[in-house]
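Right, one structure below, let's go through it.
The values are calculated or read from the model by the stated rules, or taken from the named source; none is laboratory data. For clarity, every value in this text was computed on a predicted model and none was experimentally measured. As a convention, Cβ positions derive from the backbone with ideal geometry for all residues, glycine included, and neighbour counts pool all protein chains shown. SASA here: full protein model, heavy atoms, side chains in, ligands and nucleic acids out. Shrake-Rupley method; radii C 1.70, N 1.55, O 1.52, S 1.80 Å.
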Amino acid sequence: FGGKQLAKIARLILIAQELQEADAEATLRATLEGAMNAWLDGTNGDPLRYDNQWGGLVTASGGSFDMGRYNDHHFHFGYFLYAAAVLAKDHPAWWAAWGDRVMHIVRDIANPAPSDPHYAVTRCKDWFVGHSWASGLFEFGDGRNQESTSEAVNAYYGAYLLGEAVGDDRLRDLGRLMLETEIRTAQTYWQIDSNDGIYPEAFAANKAVGILWSTKVDYATFFGANVEFIHGIQMLPFTPISEELLEYEWIVEEYPVLSQALNDPTLSEGWKGFIVMAHAVIDPDAAWLEGLALEGYDDGNTETNTLHWLATRPGLGPCGSECDGSTGGGGPEGVTFSVDMTEQ
């Protein structure tokens, strides 16, 4: 969850840059630098350590989600790489001071070199099937598994952005390759539409896979079987790469299933926010009004990021299908954006 918090502040920095909110950007950057640097110099409450036995980074406590047994490493560290890319962008002094330590995080999940004596080669990525596996040093009767394709995409998006930010073409291209194959397999095996023909109809009617195993698929998650969990965990976090991951054709078929969760009185505002953001892919005007009514957000999301996503969907507002997706400084009907500093 610490990584999610780093990345959501990083996202606010980029939005502040786009909206030319210099004061907000500076304040957010100072906050992010302080938090990120504490991770990188080992002064935070649960510092990263190198594990000599298995060759990787873990937290001193072993971390949540069994990180100490190498579970979900790409999910965790993808958020760190996204934040590092934002800090390194246009700030070579920060990269000069901290880049060597950030590269240890890169090498943990995206090391391309068998000659590296310290880290496994592309630890989570299965190049034969095209996607990653999230399970670490565990034995399961049904083989390996991966739940959140969108967080896997986020991991390699972070590596790609970091390469772009620091002018490292090899890292950029490695991240791009890992990113593109992860998106394609997510769209093939997790995002179910009528053109797939992979799963029998009884399962395909769900329109999403919750967990893909080596030997089976589940319409469920490790933390519950709610519809919003199963579908939302294939979407979060929402960043610009979500435009590539969440195909319009899939959302058209998937949203009627996902939207059933809106009838649940126990639906949290955080998960509801992701439903609204998905809705914006196919009906941006309706989703904008839904977004204005939200009263809370996931711990890895913010009001600003939600409204930015909703307002930048093509087709929003009076220009209809002629909209090009740019913000133009505001949302529909003259609504103007500013970064809410309380979101930190």
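Structure remark: mean-square fluctuation, Gaussian network model of the chain, C-alpha springs under 10 Å; the largest value among E147, E18, E303 belongs to E18. If the segment from N263 to F1 were pulled out straight at 0.36 nm per residue, it would be longer than the present Cα-Cα gap by 91.5 nm. The ratio of the alpha-carbon radius of gyration of the stretch 228-271 to the globular-protein estimate 2.2 N^0.38 Å is 1.21. Provide the per residue accessible area, probe 1.4 Å, for the stretch 1-72, rounded to a whole number of square angstrom. Heavy-atom accessible area per residue stands at 47 Å².
Residues in the stretch 259-266 carry Karplus couplings, in order, of 5, 4, 5, 5, 7, 8, x, 8 Hz; the curve used is 6.51 cos²θ - 1.76 cosθ + 1.60 with θ = phi - 60°, and Gly or Pro positions show x. Solvent-free Debye calculation, one equal scatterer per alpha-carbon of the stretch 120-264: log10 I(q)/I(0) at 0.16 Å⁻¹ equals -0.87. Between S132 and D126, the built amide H atoms are under 5 Å apart, and every one of these is 5 or more places off in sequence or on another chain.
Stretched out straight at 0.36 nm per residue, the stretch from D193 to D90 would grow longer than its current Cα-Cα span by 33.0 nm. Between L212, V86, A110, whose Cα lies farthest towards the positive end of the dipole of the chain when Lys and Arg beta carbons carry +1 and Asp and Glu beta carbons carry -1, centred on the Cα centre? Looking along the dipole axis, the top candidate is A110. What separates the Cα centres of the stretch 249-267 and the stretch 50-107 is a distance of 34 Å. Taking the charge dipole of the chain about its Cα centre, with +1 at Lys and Arg Cβ atoms and -1 at Asp and Glu Cβ atoms, the residue from L310, G99, G163 reaching farthest to the positive side is G99.
Geometric descriptor of the chain, per residue, is 143 Å³ (volume of the convex hull of the Cα atoms). Computed from backbone phi with θ = phi - 60° and the Karplus coefficients 6.51, -1.76 and 1.60, the 3J(HN,Hα) list for the stretch 130-142 is x, 10, 9, 10, 8, 6, x, 8, 10, 10, 10, x, 9 Hz; x is used for glycine and proline. Cross-link partners for K125 among the lysines, with Cα-Cα distance under 20 Å and sequence neighbours closer than 8 places in the same chain left out: K216. Here R69 sits with roughly 110 square angstrom of accessible surface, probe radius 1.4 Å. For a paramagnetic label modelled on H118 (point 7 Å from Cα along Cα→Cβ), amide N atoms under 13 Å away belong, within the stretch 31-57, to 49-52, 55-57. Under the convention that each Lys and Arg Cβ holds +1 and each Asp and Glu Cβ holds -1, the size of the dipole of the chain around its Cα centre is about 1080 debye. For the stretch 1-140, with all protein chains in place and a probe radius of 1.4 Å, 53% of the accessible heavy-atom surface sits on carbon or sulfur. Ranking V227, Y248, S259 by Cα position along the charge dipole of the stretch 209-265, where only Lys, Arg, Asp and Glu carry charges on their C-beta atoms, puts V227 farthest toward the positive end.
Membrane-span-like helices in the chain (whole DSSP H runs, Cα extent of at least 30 Å along the helix axis, mean Kyte-Doolittle hydropathy of at least 0.0): none found. Accessible area per residue was computed with a 1.4 Å probe on protein heavy atoms; D283 scores about 60 Å². The charge dipole of the stretch 9-105, taken about its Cα centre with unit charges on the Cβ atoms of Lys, Arg (+1), Asp and Glu (-1) only, comes to about 240 debye. Within a straight-line Cα-Cα reach of under 20 Å, K4 can be paired with the following lysines, leaving aside sequence neighbours fewer than 8 residues apart in one chain: K89, K272. Over the chain, with a Gaussian network built from C-alpha contacts below 10 Å, which listed residue (P240, P47, P117) shows the highest mean-square fluctuation? Most flexible of the set in this elastic network: P117. Amide H contacts for A208 (H built 1.01 Å from N in the peptide plane; partners 5 or more residues away or on another chain; cut-off under 5 Å): I192.
When +1 charges are put on Lys and Arg Cβ atoms and -1 charges on Asp and Glu Cβ atoms, the dipole computed for the stretch 59-166 relative to its Cα centre reaches about 200 debye.
In the stretch 268-320, the portion of solvent-accessible area held by carbon and sulfur atoms comes to 55 percent [1.4 Å probe, whole percent, DNA, RNA and ligands not counted].
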